[in-house]
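The values are calculated or read from the model by the stated rules, or taken from the named source; none is laboratory data. Keep in mind the model is a prediction, meaning the values are calculated, not measured. Reconstructed Cβ throughout: ideal geometry from the backbone, glycine too, with neighbour counts over all protein chains shown.
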Amino acid sequence: MSIQSQKKNMKTIHGLVSQNLGYIFGDRESGPNGAKKQFHTKSAVFLRALGRDLGFQDFKVTNNYGGIAVSGEITLMGMWSKGNGLYLQLFQSSMGRQSFLYRQISHMKDYTGERNQWLPADMFASGKYAELVDILLALRKPSKEEAEYAA
């Protein structure tokens, strides 16, 4: 996916989390509908392309739609190498300022990982895709070969 497409997706995701995704009106009161469904669809497409751009050896994108009154979450888990990965979760905060969770992980079933860090939603509003990639790549640990070469 092109960088321009990813920037557009970031802006769309920000616009969606800026509105109430936990409303109960629509085709199904307890499942995805309207903006909530669009949030999950756009976010999954965005995260799959991000996983490829980050150069993961292995990654997966999962959706948890949640129930009524919540946005649910879309999660990217990816591994650059053994013991060296990333967990990124997009969701609508019910606690005030909107931000997205990310942290380092050591394997694909590591749901606690290292210290939680937060990406400001403003980054998505302005479509700063290159900046996002740089922030996430900073978590990548160099392989033994890369570390030896740099020494």
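Among the residues of region 65-105, count how many are modelled with pLDDT of 90 or more and assigned to a loop (DSSP other than H, G, I, E, B). Of the residues in that region, 2 qualify.
Among residues belonging to region 62-103 that are aliphatic (A, V, I, L, M) and surrounded by fewer than 20 Cβ atoms within 10 Å (Cβ to Cβ), point out the one that is farthest from ARG115 (Cα to Cα). Top of the filtered list is ILE68. Scanning region 32-51 for residues that are within 11 Å of the chain's Cα centre (by Cα) and among the polar types (S, T, N, Q) yields a count of 1.
Scanning region 100-125 for residues that are basic (Lys, Arg) and touching a Leu at 6+ places or on another chain (Cβ under 9 Å) returns a single hit, ARG103.
With respect to GLY83, determine if the residue is at positive phi and out of contact with any strand residue (DSSP E or B) (no Cβ under 6 Å at 6 or more places or on another chain). Steps first, please.
Details: at positive phi: yes; out of contact with any strand residue (DSSP E or B) (no Cβ under 6 Å at 6 or more places or on another chain): yes.
Yes, satisfied.
So for region 107-116 (the condition being over 17 Å from HIS14 (Cα atoms), polar (S, T, N, Q), within 14 Å of the chain's Cα centre (by Cα) and not in a loop (DSSP other than H, G, I, E, B)), does at least one residue qualify? Within region 107-116 (the criterion being over 17 Å from HIS14 (Cα atoms), polar (S, T, N, Q), within 14 Å of the chain's Cα centre (by Cα) and not in a loop (DSSP other than H, G, I, E, B)), the answer is no, since none of the residues qualifies. Selection within region 1-29: residues that are assigned to a loop (DSSP other than H, G, I, E, B), of a type in the set (Gly, Ala, Ser) and over 16 Å from GLU73 (Cβ atoms). The member of this set that is modelled with the lowest pLDDT is GLY26. What do you reckon, is LYS42 under 14 Å from VAL70 (Cβ atoms), assigned to a helix (DSSP H, G or I) and either modelled with pLDDT of 65 or more or of a type in the set (D, E, K, R) (or both)? Judged against the criteria, LYS42 is not a match.
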